[in-house]
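Have a look at the structure below, then the notes.
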Amino acid sequence: MKILVLPGDGIGPEVVAQTRLVLEACAQRFRLALHFTEAVVGGAAIDAFHTALPDGALHLAQSSDAVLLGAVGGPKWDNPRATVRPEQALLGLRKGLGLFANLRPVSVFAELLDAAPLKADILRGVDLVVVRELTGGIYFGKPSEQRNGSDGREAVDTLIYNEREIARLMRSAFELARQRRKKVTSVDKANILSSSRLWREVAHEVKQEYGDVAYEDVLVDAMAMHLLRRPRDFDVIATENMFGDILTDEASMLAGSMGLLPSASIGESLNSLGHPRGLYEPIHGSAPDIAGHDAANPLAAILSAALMLRYSLGQPQAAAAIEAAVSRVLADGYRTPDIAQPGTQRVGCRAMGAAVLERLRAA
């Protein structure tokens, strides 16, 4: 099983280091043959190679069974006018690997109900997944430019989708719902946008293939409210690129911290194991303000490795073992600074990783 490791920038190398130790422990416990290679992307690659995604890194990703990414970016490279930016590594990997669906599960650990900004009675029992389209929409549409118009400077971005892009995303959502509670919520802005009207039309066509799955349409502004008012009502939420980008960050606050939430980006191509090739990463950023201080939360990266084992490596038992170890660590009161509460044991990134390892090996 070939895994490409991309530590990235900021706290990326710190959380990835702990995640790799957890994967190596899983390999021993479940007799898995894991082969790791490593490459540089993001800001570190800009410094070394003057590009965010060197050709060699992309080639390694395309020949691997799965990719583990830490985080990219930081103030050093934070110039929106720059022609080369760390985020181009993400876009390039998604395009180069054909990763069209981003899966972001959001579940609330009972031990952390008081750490979240919402009331515990709203959060208790939340278990949803947002399936976000990754390779289309306004982030990729052309033209996208700033120019001079008759009234001075103007800018244009193009939001475009075709029916194939919508249908494959919706099928991914329905297939996932069949493995869960069999409910899909499609999010759009069909009362305003032509692209959303096509989205809804195609979504309804795909729904006919899944008579066993409940379905509803919700406007994106209403969904932003519902996630805070009644998040337990949702199972699988499917939406386009920009809406998904915004809603997943909002949904991350249901769990109390971005340091707790993993993500998986998968496509249509299969790896050498016959499973979808995927890119797995925590949803948090590079957090340069705490980089090097052993203060990062590695749990989102570790849980991303669990998703990797489940979706790309075909090892659901190993995935469940990691998730159980994380749950036990939280139940035992271990907390990194982002989720620390009175009466809990405040630990750093390395100690949190070691605690997960201990429980993984002891099970």
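Trypsin sites (Lys or Arg not before Pro) within segment 70-133: which are DSSP loop residues with at most 15 other Cβ atoms inside 10 Å?
Sites meeting the loop and neighbour criteria: 81, 119, 124.
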Within the accessible area of segment 1-114, what % is carbon and sulfur when the probe is 1.4 Å and the other protein chains stay in place?
53 percent
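With a 1.4 Å probe and all protein chains left in place, how much of the accessible area of segment 253-363 comes from carbon and sulfur atoms, in whole percent? All intermediate terms of the calculation are to be shown ahead of the outcome.
Numbers: 2080 of 4000 Å².
Here carbon and sulfur together make up 52 percent of the probe-accessible area.
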Solvent-accessible area, 1.4 Å probe, carbon plus sulfur percent, for segment 168-247:
52 percent
Would you give the gap between the C-alpha center of segment 224-259 and the C-alpha center of segment 7-33, rounded to a whole Å?
27 Å
Only Lys, Arg, Asp and Glu count, each charged at its Cβ (+1, +1, -1, -1), so figure out the dipole size of segment 224-332 about its Cα centre, rounded to 20 debye.
320 debye
Write down the percent of antiparallel bridges among all DSSP beta bridges whose residues are both part of the chain, to the nearest 5.
45 percent
Just want the answer: with Cβ charges of +1 for Lys and Arg and -1 for Asp and Glu, which residue in 80, 203, 356 is farthest toward the dipole's positive end in the chain?
356
Computed over the chain, protein heavy atoms only, probe 1.4 angstrom, the accessible area per residue in square angstrom equals 43 Å²
Scan segment 9-54 for trypsin sites (Lys or Arg not before Pro) in coil per DSSP, keeping those whose Cβ has at most 14 other Cβ atoms within 10 Å, and list them by number.
31
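The values are calculated or read from the model by the stated rules, or taken from the named source; none is laboratory data. All values derive from a computational prediction rather than experimental measurement. Cβ: placed from backbone, ideal geometry, glycine included. Neighbour counts: every protein chain shown. Areas reflect the complete protein model, heavy atoms only, side chains present, ligands, DNA and RNA absent. Shrake-Rupley method; radii C 1.70, N 1.55, O 1.52, S 1.80 Å.
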